[in-house]
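Asks: Sharing a structure with you now.
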Amino acid sequence: MTTTLYDHIAGDWLSEVPTGLFIGGRWRPSSSGDCIDVIDPSIERCLARVADGTVDDGLAAVEAAAAAAAGWAATPPRRRAEILRRAFERMTARAATLAKLISLENGKALRDAEGEVAYAAEFFRWYAEEAVRIDGSLGLAPGGANRILVQHQPVGISVLVTPWNFPAAMATRKIGPALAAGCTCILKPATETPLTALAVAQILAEAGVPDGVVNVVTTRRSGPVVSAMLHDPRVRKLSFTGSTAVGRTLLREAADQVIGCSMELGGNAPFLVFEDADLDAAVEGAMVAKMRNGGEACTAANRFYVHRSVIDAFARTFADRMAGVRMGPGVDPATGLGPLVNAASRSKVAALVEDAVHRGANVLTGGQVPSGAGYFYPPTVLTDVAADSALLREEIFGPVAPIMPFDTEDEAIAAANDTEYGLVAYVYTGDLARGLRVGERLESGMIALNRGLVSDPAAPFGGVKQSGLGREGSHHGLLEFMEVKYIATTW
Ligand code: NAD
């Protein structure tokens, strides 16, 4: 394997990967001169060094967003749409390079990274189409004395904070609707994956986004930098994707200025297989729901509840499929499963499996940390998992599948709902009426019925309970960046 970033992308569009802060349409170093080492998790070596932004840099980005705000809000929706459409086209044209970049800094298998780029670009296309569909209403007040006029206006300067697991898609899922709505923004990407965010900024600049409309501040000092931005009175919106723990902290921070929050937080998705399900389809769906992104997805199936009459057949076939997944460096096209993002993530996954095994779980495949460089953890399937095992309560965020039996529909639903999270639930059944009935009773924002995937830019993505507030994607995602203005008028 080659080891440097430039060996991988030499000759590609991004022969010079941006590594500065992107503020007011200019690339600049951190005001402290500090840098972040970006690590390739497949080989545990430094890929590139990126500016480590300070509080002052964060506030400079707010200043730039404020300077551009009125002009962007006044830019006709059609023009905003055309810029977003160009961003979609550029991103699509550069998909191969972007996918390599994602794979190098995040570790995910190249085919997952390619899927992510296609998904990420689609948010620009979808919101190019939504930008021209900002509507309002005009009605007569019930008493007949006046008119009620309702319109949508951009909410204002938006701080966008994104995780490392989908470094391109989580950025475009926020930037797309923010720009369509007429908001300027500051993106604070995850410290582990800044290169993809900077490449997205470059694409947006090339697509014609005016200076200051999108700013990117990479930093290791996420807490102080985001806090300073949230305490600047010009900021009116926080859109956050990440863990529930950090989400709670940011909700408290946002309370000081009563900033509107959209929160896409953690998950603990149940995957239910009923006795009337097509088992081959269920295994296929389980592979997608568990192994997309190597299990590092908020939507990843975390707990498999399978009817007792089919659990042995399901577990055997699923474990065989998992054992056949080829583990290797993300950028190797033959790889099916790359490493986890860092050492801490791998230690957490290993500890969760050890805890389950200690409580009596049976390992059908995997379960051992391999030796050598890279934060690898193998595809793992566990049965006979005790109800008090930690991995049933926590997000595993790795390629580990615990399988538990159930006997009745009520029992399956109660087990599925027994979590503080409520992002997505997977249901496999041959009976559509049962699927819809169970889906209504599951406490989650999204249901995948006989499917292993829900994510779609045209659909409202989001959770209930402690998985979040608000929705991303679809028209709902646009409204998260708009404020309702009511005008009472008599004529
Ligand atoms: P994280 O919460 O650790 O970090 C998310 C972002 O917040 C990063 O940019 C990080 O640098 C920043 N951050 C961390 N501490 C901060 C602080 N004190 N103040 C301000 N910003 C801070 O999450 P992660 O490990 O990057 O991502 C994994 C998590 O994201 C998982 O819990 C996963 O379920 C969740 N996630 C949710 C969705 C969704 O749509 N619901 C999508 C992807 C990931």
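Every number here is computed from the coordinates shown, using simple stated rules; none is lab data. What you see is a predicted model; the values in this text were computed from it and never measured. Neighbour counts run over all protein chains shown; Cβ positions are idealised from the backbone, glycine included.
Asks: With both bridge residues required to lie in the chain, what share of the DSSP beta bridges run antiparallel, to the nearest 5%?
Replies: Counting only bridges with both partners in the chain, antiparallel ones make up about 45 percent.
Asks: So if R0 is 30 Å, what FRET efficiency would residue 407 and residue 354 give, r being the distance between their Cβ atoms, rounded to the nearest 0.05?
Replies: So, using R0 = 30 Å, E works out to roughly 0.55.
Asks: Hey, another quick one. Quick one: 244, 249, fewest Cβ neighbours within 10 Å first, how do they rank?
Replies: 249, 244
Asks: When Lys and Arg each count +1 and Asp and Glu each count -1, what net charge do the other residues less than 14 Å away from residue 338, Cβ to Cβ, add up to?
Replies: That sum, taken over residues with Cβ under 14 Å, equals -3.
Asks: Find how much the distance from residue 251 to residue 35 grows on full extension, using 0.36 nm per residue of separation minus their present alpha carbon separation; answer in nm with one decimal.
Replies: Full extension from residue 251 to residue 35 adds 74.9 nm.
Asks: Percent of Cα-Cα pairs more than 40 Å apart in the chain, please.
Replies: Taking all Cα-Cα pairs of the chain, the fraction more than 40 Å apart is 22 percent.
Asks: Right, something else. Give the distance, in whole Å, between the Cα centre of region 260-314 and the Cα centre of region 106-182.
Replies: So the separation of the two Cα centres works out to 28 Å.
Asks: With both partners inside region 269-455, how many of the DSSP beta bridges are antiparallel, as a percent to the nearest 5?
Replies: 15
Asks: Continuing with the same structure: Taking the Cβ of residue 435 as the centre, find all other residues whose Cβ is under 15 Å away and add up their charges (Lys, Arg: +1; Asp, Glu: -1).
Replies: Around residue 435, the charge tally is -2.
Asks: Would you mind ranking 347, 455 so that the residue whose beta carbon has the fewest other beta carbons within 10 Å leads the list?
Replies: Sorted ascending by nearby Cβ count, the order is 347, 455.
Asks: If you don't mind, there's one more thing I want to ask. Over 29 Å, how big is the tail of the calculated P(r) for region 269-455, in percent of all Cα pairs?
Replies: Result: 15 percent of Cα pairs exceed 29 Å.
Asks: Here is a follow-up. I want the local charge near residue 213. Using Cβ-Cβ distances under 15 Å, sum +1 for each Lys or Arg and -1 for each Asp or Glu among the other residues.
Replies: Charge balance near residue 213 sits at +3.
Asks: Using the count of nearby Cβ atoms within 10 Å as a rough guide to exposure, how do 119, 127, 486 rank from fewest to most?
Replies: Lowest to highest Cβ neighbour count: 486, 119, 127.
Asks: Can you give the helix-only mean residue ellipticity at 222 nm for the chain, where every DSSP H stretch with n ≥ 4 adds -39500 (n - 2.57) and the sum goes over all residues, rounded to the nearest 500 deg cm²/dmol?
Replies: Per the formula, -12000 deg cm²/dmol.
Asks: Could you give the length gained on full extension between residue 278 and residue 371, defined as 0.36 nm per residue of separation minus the Cα-Cα distance, in nm?
Replies: In short, 29.7 nm is gained.
Asks: Going Cα to Cα from residue 108, which lysines come in below 16 Å? Please leave out same-chain ones fewer than 8 positions away.
Replies: 100, 290
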